[in-house]
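Here is the structure we will look at.
Every read-out reported here was derived from the displayed coordinates using simple, explicitly stated rules and does not represent laboratory data. Here the structure is a predicted model, which means the values were calculated and not measured. Here the Cβ is made from the backbone with ideal geometry for all residues, glycine too, and neighbour counts use every protein chain on show.
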């Protein structure tokens with residue numbers, strides 16, 4: 001009798017809480033999952049884990065366009081399928097109520113890229129693609145560096161917008177920046193001509209956008225109609241530019257916060273491996289961010305004893321100081337018993353601007369550097 005057998009795969013849920021638009025490039029869609037496949041395959045080849053990892057993907061329309069019920073129901077489906085951990089949801093308005101359901105009902109660990117600290121809890125970890133507390137400090141730094149001491153703000157009417165502006169007021173005051181005018185805008189794409197005109201009439205030298213990003217899609221059009229082209233700043237909504245040419249055009253001319261830094265040797269080595277495996281080199285935030293998520297999960301799966309949701313949660317808490325592919329050189333990944341934010345060091349965020357050619361962007365600043 002042989003005791004050799006093929007082990008059941010580890011199941012990882014991937015909860016994508018907004019539906020990508022029609023015509024979204026297939027290669028870009030594959031960039032979501034391929035970093036996980038590559039990292040987990042390498043882990044299997046290096047015998048870090050003794051079984052493959054199966055990614056169970058769910059794509060639903062959560063807030064702001066859909067419903068929170070769709071997100072929580074999808075999380076429950078992933079739990080029922082036997083997922084030991086879930087990557088997602090990602091949007092702050094979905095994350096906070098989903099965390100409550102995870103704590104009360106599901107007890108399966110989740111990692112999110114949300115920037116909200118209200119997501120953090122016993123079962124919920126963050127590799128945040130930005131932070132609603134950190135990003136406003138970076139905006140203030142960039143504004144002072146550019147000599148912009150009297151500014152405006154466009155604020156989406158949402159939990160994200162409220163969190164951003166609350167922290168930006170504090171950051172601006174600490175740097176001597178005056179917010180001369182605040183204008184609230186819808187969190188979905190609507191006409192916001194009066195609000196942008198109000199900023200112009202206030203004669204601010206620059207302005208910031210506070211929100212997830214759908215609310216800014218008409219700003220550049222309105223600026224063109226007004227013949228006004230001031231410096232303008234946004235947070236990690238900048239990363240939405242890679243979704244579609246329409247979004248790219250809407251963010252062109254802005255300075256935004258990002259997590260792709262071409263000088264990070266860990267990230268470039270990963271893209272070397274990615275290019276060798278898939279004949280494609282995607283030089284933007286998603287592949288390196290997802291590589292970092294996959295890396296901490298690989299280490300947790302390898303160290304989970306027993307291989308259960310609670311075992312994975314406790315193993316995530318033992319992940320310490322792994323080199324990160326995203327952010328500036330030297331960024332690390334580290335969790336702890338009540339350390340739920342995993343990127344360590346201010347350099348996990350950098351400032352970038354888009355080039356006119358879709359898919360190309362350039363580094364314009366690192367946090368804390370003059």
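Residues in the stretch 296-318 that are touching a helix residue (DSSP H, G or I) at 6+ places or on another chain (Cβ under 6 Å) and touching a residue at least 40 places away in the same chain (Cβ under 8 Å): 298, 300, 304, 312, 316. Scanning for something assigned to a loop (DSSP other than H, G, I, E, B), on the phi < 0 side of the Ramachandran plot and buried (at least 20 other Cβ atoms within 10 Å of the Cβ), does the stretch 285-302 turn up at least one residue? Scanning the stretch 285-302, I find no residue that is assigned to a loop (DSSP other than H, G, I, E, B), on the phi < 0 side of the Ramachandran plot and buried (at least 20 other Cβ atoms within 10 Å of the Cβ), so the answer is no.
Free of Cβ contacts under 8 Å to residues at least 12 places away in the same chain and assigned to a loop (DSSP other than H, G, I, E, B) - does that describe any residue in the stretch 60-78? Looking through the stretch 60-78, at least one residue is free of Cβ contacts under 8 Å to residues at least 12 places away in the same chain and assigned to a loop (DSSP other than H, G, I, E, B). What's the total number of residues in the stretch 88-105 that are in contact with a helix residue (DSSP H, G or I) (Cβ under 6 Å, 6 or more places away or on another chain) and not in a helix (DSSP H, G or I)? The number of residues fulfilling the criteria is 1.
Evaluate the stretch 337-346: report whether one residue or more is buried (at least 19 other Cβ atoms within 10 Å of the Cβ), in contact (Cβ under 8 Å) with a residue 12 or more places away in the chain and not in a strand (DSSP E or B). Checking the stretch 337-346: at least one residue is buried (at least 19 other Cβ atoms within 10 Å of the Cβ), in contact (Cβ under 8 Å) with a residue 12 or more places away in the chain and not in a strand (DSSP E or B). Of all the residues in the stretch 315-336, those that are assigned to a helix (DSSP H, G or I) and within 23 Å of residue 118 (Cβ to Cβ) number 1. Within the stretch 253-275, being touching a helix residue (DSSP H, G or I) at 6+ places or on another chain (Cβ under 8 Å) and part of a helix (DSSP H, G or I) holds for 267, 270, 271, 273, 274.
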